[in-house]
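Please treat every number below as a calculation from the coordinates, not as lab data. Keep in mind it's a predicted model, so treat the numbers as computed, not measured. Glycine gets a Cβ as well: all are built from the backbone with ideal geometry, and neighbour counts include every protein chain shown.
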Ligand SMILES: O=C(O)c1cc(=O)[nH]c(=O)n1[C@@H]1O[C@H](COP(=O)(O)O)[C@@H](O)[C@H]1O
C-alpha cells in the first residue's frame, strides 16, 4: 500500500480496543496515520497494532520511552519488530540513550522512524521552572532538538510554535511532529503551547498530531473534514 501523502496523525486516545477500532474504521488509511498512546497500549497490548496494520494504517507508537540506554534500545527494537511506522523516546533521557536506540535499529536494519520528545506541549515556562529549567520553552526545545539530531534521531516532537525555529536550526528534512493542534474554535484542554492546523503547517510542522478536536467532537468525521479542508487536503 502506498504511504499516505498527508501530515495528519489522529491520536486514538481511547480506553479500549473496541472504541479505538470503531474510530479507526471510520478513518481512511490513505488520508491519515494513527497514533497509539500509553492508555490504549497499556489496556490492549500489541493486538491493537496488529488490528490497525491489518486495516492498512501506518502507526505511530507513542510510548515516550525514557530509561537507561540498554532498556530503551530494547523497547525501541520491540516496537520496530511490531512493524510500527514511528516510535518515540524522551530527549531528556540524554545522548547515550538516544544513540543506543538508534544503533539498535541500525543493527537490525529496521526502518521505523525514531523521534524524540523535547518539551511536552502541555508545559509552559512555569512548569519548566518547577523541574529546574529556568528558561523559556523555545530555548529548551532548541537545546533538546539539537541534541536529538546529533544523537541520530529522525526528528522531534515539539509544539508547532517552535517549528520555524527548528527548521532554521535542524533543517527541513528533520521531522517536526507537532501535537497541541487546536482548530481556532476548539479549546486548549490541558495543552499550553498550541497552534491551528494551517498555522502549524505554515510554521514548518511536518506532521500534525490531533486527538480530542476530532475524537471528542460531536461529529468526528465532520471535524476531520473541516481540518482537511482548512489545510487544503
Ligand atoms: O508524543 C506525543 O504524541 C505528544 C507529545 C507532546 O508533547 N504533547 C502531546 O500532546 N502528545 C500527544 O499528542 C496527543 C494530543 O492529543 P490532543 O491534545 O487531544 O489533540 C496526545 O495523545 C498526547 O499524548
**Prompt:** Fully extended, how many nm does the chain gain between residue 127 and residue 50 (0.36 nm per residue separation, minus their Cα-Cα distance)?
**Reply:** 24.0 nm
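Does the chain classify as rounded, prolate or oblate by the C-alpha gyration tensor (a ≥ b ≥ c root eigenvalues; a/c under 1.5 gives rounded; else a/b over b/c gives prolate, otherwise oblate)? Walk me through the numbers on the way to the answer.
Numbers: a/c = 1.56, a/b = 1.11, b/c = 1.41.
In terms of gyration-tensor shape, oblate.
I need 158, 32 ordered by Cβ neighbour count within 10 Å, fewest first. Could the numbers behind the result be given before it?
On the way: 158 33, 32 24.
In increasing order of surrounding Cβ atoms, one gets 32, 158.
Could you line up 112, 198 from fewest to most neighbouring Cβ atoms inside 10 Å? Can you show the working numbers first?
Working: 112 22, 198 14.
Ascending number of Cβ neighbours within 10 Å: 198, 112.
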**Message:** Given points 7 Å out from each Cα along the Cα-Cβ axis, report the residue 216 to residue 189 separation in nanometres with one decimal.
**Reply:** 0.5 nm
**Asked** Arranged by the count of other C-beta atoms within 10 angstrom, fewest first, what order do 57, 41 take?
**Response** 41, 57
**Complete:** Nearest-0.05 FRET efficiency for residue 3 and residue 106 at R0 = 22 Å, using Cβ-Cβ distance, is 0.55
